[in-house]
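S.K.: Sharing a structure here in structure tokens format.
Only the coordinates and a few stated rules stand behind these numbers; no lab work does. In this text the structure is predicted, and so the values were computed from the model without any measurement.
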Amino acid sequence: MAKAVRASLGDTWITCQVCRGDRFRERGVKLNSTGLELMNWAWADETATGLICHRCGYVHLFVNRHLRLHKVKD
């Protein structure tokens, strides 16, 4: 399983919208569009950062380039 991270946007720490947990697994998520799929250019679609809550599994998606990930010390 991936290492836990915490996330922030500027001075604001991200918490889960469902359970208020603050530890996540990070994963890249491809944001496919119909037009590029039809032309077989899906590789050119935008990528988001997915934060998967360690507690409940809810997936949060961020396209904001200012999102910062912070390693959690065990």
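S.K.: For residue 30, which lysines qualify as cross-link partners when the Cα separation must be under 24 Å and same-chain residues fewer than eight apart are set aside?
M.R.: 3, 71
S.K.: Taking 0.36 nm per residue of sequence separation and subtracting the Cα-Cα distance, how much length would be gained by fully extending the chain between residue 26 and residue 47, in nm to one decimal?
M.R.: Working: separation 21, 0.36 × 21 = 7.56 nm, distance 1.28 nm.
Difference between extended and current length: 6.3 nm.
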